[in-house]
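The values are calculated or read from the model by the stated rules, or taken from the named source; none is laboratory data. This structure is a prediction, so every number in the text was calculated from the model and none was measured. Every residue, glycine as well, gets a Cβ built from its backbone with ideal geometry; the counts of neighbours run over all protein chains shown.
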Amino acid sequence: MSSYEIITVPILIERFEQAVAKGYLSNILSEIIKQSRLEFNYEDEEESLEMELLDVSLEDE
């Protein structure tokens, strides 16, 4: 029989604050960024900036 834990927003906030207090904020943010890029198909920031500059230069022509 599987056991599930319901995590409410207050519990999530509490665990986040505990993780930050332990020094994990940088790791958490890195993981959020990584997962967001995968989920929303983001490109690397530098690559994205290059594409924006290319688009602007093409519009000027």
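Details
- If you go through the stretch 5-26 and keep only what is at pLDDT below 90 and either among the small types (G, A, S) or under 18 Å from the mean Cα position of the chain (by Cα) (or both), you end up with just S26.
- In the stretch 1-36, the residues that are exposed (fewer than 10 other Cβ atoms within 10 Å of the Cβ) and among the hydroxyl-bearing types (S, T, Y): S2, S3, Y4, T8, S26
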